[in-house]
Each structure stands twice: as C-alpha cells, then as structure tokens.
Amino acid sequence: AFAFPILAGKTEALRKLAKTLSGPKSKEFDASEKRTKTDKETWFLQPSPQGDMVILYFETKDPKKTMDDFTASKHPFDLWFKEQIKEISGIDMNKPSGEPLPEQVFKYRY
C-alpha cells in the first residue's frame with residue numbers, strides 16, 4: 001500500500017483518471033497491470049488536514065519488481081499514465097525514488 005498526495009485542485013482529475021482507467025482505457029490499463037504482474041489494485045481517496053491523498057493498495061508476488069518495472073517502462077500507455085500521476089500528485093514515476101517500500105506493521109484476518 002502507498003499513500004500519494006493529491007496536489008491542490010487535482011482531486012477531480014484523480015476521479016476523472018479513475019473513470020478513464022475503468023472505461024475508455026480499461027484494456028490498456030489491464031495490459032499494463034499484466035506487464036507488471038499486478039494481480040489486484042484498489043484506490044481510496046483520503047481527505048486529510050494536509051490535503052487529499054490517494055491510498056493505493058495493490059497485490060503482486062514481488063512489489064519491488066512491480067514498481068521497478070513500472071518505473072522503467074517506456075510503453076506508450078505507461079508513459080501516459082505516469083504523466084497523469086505526475087500532474088495529479090507531483091510525483092514523477094519515471095524516476096526511482098530510492099526510498100524503501102512501505103513497511104507493513106499490522107495485519108488482521110478473521
């Protein structure tokens with residue numbers, strides 16, 4: 001899971017991107033997820049005192065490889081998608097952050 005900031009005034013752009021990925025670009029998004037071996041992906045919009053954030057939850061066998069593959073991808077759809085992410089969050093997914101992946105500190109399962 002990751003938390004990404006949403007730049008001021010870009011919350012509706014996030015909603016529009018989500019609709020685009022589940023609508024007109026759903027096949028391209030599906031192909032991208034398959035290229036990076038992502039089994040499941042869910043986004044949550046989280047308001048906070050610091051501004052809106054998107055919480056990204058995804059499942060894959062190797063999260064680091066998935067992120068590395070997506071960052072390195074030059075596929076036209078992936079480049080378009082990363083540009084959308086940058087416009088909404090300010091984060092450039094074409095450049096590795098060098099930061100460690102989030103640490104899971106708790107899990108509950110019934």
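Computed from the coordinates by the stated procedures, all read-outs in this text should not be read as laboratory data. The model shown is predicted, which means the values in this text are computed figures rather than measured ones. Methodologically, a virtual Cβ is constructed for each residue, glycine included, from the backbone with ideal geometry; neighbour enumeration extends over all protein chains shown.
To the nearest Å, what is the center-to-center distance of region 67-110 and region 1-42, using C-alpha atoms only?
For region 67-110 versus region 1-42, the Cα centre distance is 11 Å.
Give me the one-decimal nm value for the distance between modelled label points at A3 and L101, 7 Å along each residue's Cα-to-Cβ direction.
2.0 nm
Give me the dipole magnitude in Debye, nearest 20, for the chain about the Cα centre, with unit charges on the beta carbon: positive for Lys and Arg, negative for Asp and Glu.
240 debye
Using percent of Cα pairs over 15 Å apart as the read-out, say which of (i) 72; (ii) 67; (iii) 61 was calculated from these coordinates.
Looking at percent of Cα pairs over 15 Å apart for this model, the match is (ii).
Just check region 68-110 against the gyration tensor rule for me: Cα atoms, a ≥ b ≥ c as the square roots of the eigenvalues, rounded for a/c under 1.5, and otherwise prolate or oblate depending on whether a/b exceeds b/c.
Since a/c reaches 1.5 and a/b is larger than b/c, the shape of region 68-110 is classed as prolate.
Using a 10 angstrom cutoff on alpha carbons, build the Gaussian network for the chain and name the most mobile of F81, F44, F29.
Result for the chain, Cα springs under 10 Å: F44 fluctuates most.
Residues in region 90-110 near a label at I55, defined as backbone nitrogen under 16 Å from the 7 Å Cα→Cβ point?
Only 102-109 pass the distance filter.
GNM on the chain, C-alpha springs below 10 Å: top fluctuator among G51, G23, G98?
Highest fluctuation of the listed residues: G98.
Under the rule that an exposed site lies in a DSSP loop and has at most 15 other Cβ atoms within 10 Å, name the longest stretch of the chain with no trypsin sites (Lys or Arg not before Pro) of that kind, not counting the sites themselves.
Excluding the exposed sites themselves, the longest stretch runs over 1-36.
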